[in-house]
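Scroll down for the structure; my scribbles are underneath it.
The values are calculated or read from the model by the stated rules, or taken from the named source; none is laboratory data. If you're wondering where the values come from, they're calculated on a predicted model, not measured in any experiment. A quick note on method: Cβ atoms are made from the backbone with ideal geometry, for glycine too, and the neighbour counts reach across all protein chains shown.
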Amino acid sequence: MTESETPVLLRREGAVAWIILNRPANLNALDVPAAEALRACCAELAADSGVRAVVLKGAGKAFGVGGDLSALRTDSSATAAALIEPLHQAVRLLAEMNAPVIVSLHGAVAGGSLSLSMACDLALAADTAKFNLAYVNVAANCDVSGSWNLPRLVGLRNAMAIALLGESFDAQEALRLGLVNRVVPAAELDAATDALAKRLADGPTLAIGRMKRLMRQSFDNDLATQLDLERENFRASAATEDFAEALDAFFSKRPARFHGR
C-alpha cells in the first residue's frame, strides 16, 4: 500500500509523534479501514515510552467531516458498529497514554471528527476552521466520546444547543465556548502546533500523564476520592527521575532537563 493509499499515517520526529488522517479526497471522512488504522496507530504509540507528545491532524483541506456516510448506506447498523468500536478504542488509548495529545484543526471539523478532536488534551485551530457537530442532521446521536466530552468542555446548556441544533460555527466561537485552546492564522497553524508539541515533549511525561488522568477522573469522583488519588499520584511522581531533576534545577537556578522517567 502506498502512502497515498494509507488512510492514517504515523510519523515520528524525535519524541513527537504525528498521527495524520489521510483521506484528503474524502475530506478525511472516517470509514472502517481508517478507524482500524487509527486504533493501530494509537496502540503503537501508547506502548512506546519514547513518545512524549502526540499530534493528531488531517491531510488536505480539512481535519475531517466525520463518519463516511457513503459507507454507512450499506447495512447501516453493522457498518456503524464496525466503525465505532475501533474509534472508541482509539479514544481510550489517547486518554490513557502519558503523552499529551494535541489536535490541530483546519477546514471542516464535523461529526465524529469533532468528537475525536474533543477527546484530545489540547486543541489548536486555524482561524478559518468551521465546526458542526452535525449528528442531528443525519438523525444520529453522538459517538467517539462526543456526549461525554462536549458538556464537560462547554457546559450542559451550550452542549445541548450545539448537539440539538446542528448549526455551524467558526473558530472564534469554538474558542469562546472552550472547544479549542487557541486560534491562530491558518498559515501559522503547523508552526504553532509543532512548537507546542516540542514544548510538551520536553516536559515531565509521567507527571503529565498522571495530570491528564486526574483531570478526566475528577468529574466522576467526590472530593474525598479525588484527594486520595492526588496523594497517591503525587507520591508516585515524587519517586521519578524527573522530579529529582526538577528539584535540583530549582535549587541550582537552572532550567530543568526532563527525560520522561
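Considering only residues of the stretch 247-261 that are farther than 20 Å from residue 51 by Cα and among the hydrophobic types (A, V, I, L, M, F, W, C), which is farthest from the chain's Cα centre (by Cα)? Show your work before the answer.
Filtering the stretch 247-261 for residues farther than 20 Å from residue 51 by Cα gives 247-255.
Subsequent filtering for residues that are among the hydrophobic types (A, V, I, L, M, F, W, C) retains 247, 249-251.
On the way: 247: 31, 249: 31, 250: 32, 251: 35 Å.
Per the stated criteria, the residue is 251.
Within the bounds of the stretch 142-165, is there any residue that is among the aromatic types (Phe, Trp, Tyr) and under 16 Å from the mean Cα position of the chain (by Cα)?
Of the stretch 142-165, the ones among the aromatic types (Phe, Trp, Tyr) are 148.
Those still in the list that are under 16 Å from the mean Cα position of the chain (by Cα) too: 148.
For the stretch 142-165, residues among the aromatic types (Phe, Trp, Tyr) and under 16 Å from the mean Cα position of the chain (by Cα): present.
For the stretch 128-142, enumerate the residues that are part of a loop (DSSP other than H, G, I, E, B), touching a residue at least 40 places away in the same chain (Cβ under 8 Å) and buried (at least 21 other Cβ atoms within 10 Å of the Cβ).
Selection gives 129, 134.
Report, by residue number, each residue of the stretch 117-127 that is in a helix (DSSP H, G or I) and either surrounded by fewer than 24 Cβ atoms within 10 Å (Cβ to Cβ) or of a type outside the set (Gly, Ala, Ser) (or both).
Residues of the stretch 117-127 that are in a helix (DSSP H, G or I), as a first pass: 117-118.
Selection gives 118 alone.
Answer yes or no: is there a residue in the stretch 251-259 that is part of a helix (DSSP H, G or I) and aliphatic (A, V, I, L, M). Let's see the steps before the verdict.
First, pick out the residues of the stretch 251-259 that are part of a helix (DSSP H, G or I): 251-252.
Keeping just the survivors that are aliphatic (A, V, I, L, M) gives none.
Scanning the stretch 251-259 turns up no residue that is part of a helix (DSSP H, G or I) and aliphatic (A, V, I, L, M).
Test residue 191 against the stated conditions and say whether it is over 30 Å from residue 137 (Cα atoms), surrounded by 17 or more Cβ atoms within 10 Å (Cβ to Cβ), modelled with pLDDT of 95 or more and among the small types (Gly, Ala, Ser). Walk me through how you get there before you give the answer.
Details: over 30 Å from residue 137 (Cα atoms): yes; surrounded by 17 or more Cβ atoms within 10 Å (Cβ to Cβ): no; modelled with pLDDT of 95 or more: yes; among the small types (Gly, Ala, Ser): yes.
When the stated conditions are applied, residue 191 does not pass them.
Being assigned to a helix (DSSP H, G or I) and either of a type in the set (Ser, Thr, Tyr) or modelled with pLDDT under 95 (or both) is the filter here, so list the residues in the stretch 97-116 that pass it. Even if it seems obvious, please write down each step before you answer.
Taking the stretch 97-116 as the starting set, the residues that turn out to be assigned to a helix (DSSP H, G or I) are 111-116.
Answer for the stretch 97-116, where residues must be assigned to a helix (DSSP H, G or I) and either of a type in the set (Ser, Thr, Tyr) or modelled with pLDDT under 95 (or both): 113, 115.
I'd like to check which helices (runs of 4 or more DSSP H) are fully inside the stretch 1-96 and have at least 1 residues that are in contact (Cβ under 8 Å) with a residue 60 or more places away in the chain and in contact with a Pro (Cβ under 6 Å, 6 or more places away or on another chain).
Values: elements: 32-46, 69-72, 76-96.
In the stretch 1-96, no matching helices (runs of 4 or more DSSP H) lie anywhere.
For the stretch 201-244, give me each residue that is touching a residue at least 40 places away in the same chain (Cβ under 8 Å) and assigned to a loop (DSSP other than H, G, I, E, B).
Once the filter is applied, which keeps residues that are touching a residue at least 40 places away in the same chain (Cβ under 8 Å) and assigned to a loop (DSSP other than H, G, I, E, B), the stretch 201-244 yields 202, 203, 204.
Being farther than 30 Å from residue 62 by Cα and surrounded by fewer than 12 Cβ atoms within 10 Å (Cβ to Cβ) is true for just one of 222, 248. Which residue is that? Walk me through how you get there before you give the answer.
Numbers: 248 fails: surrounded by fewer than 12 Cβ atoms within 10 Å (Cβ to Cβ).
Step by step, each of 222, 248 is checked, and only 222 is farther than 30 Å from residue 62 by Cα and surrounded by fewer than 12 Cβ atoms within 10 Å (Cβ to Cβ).
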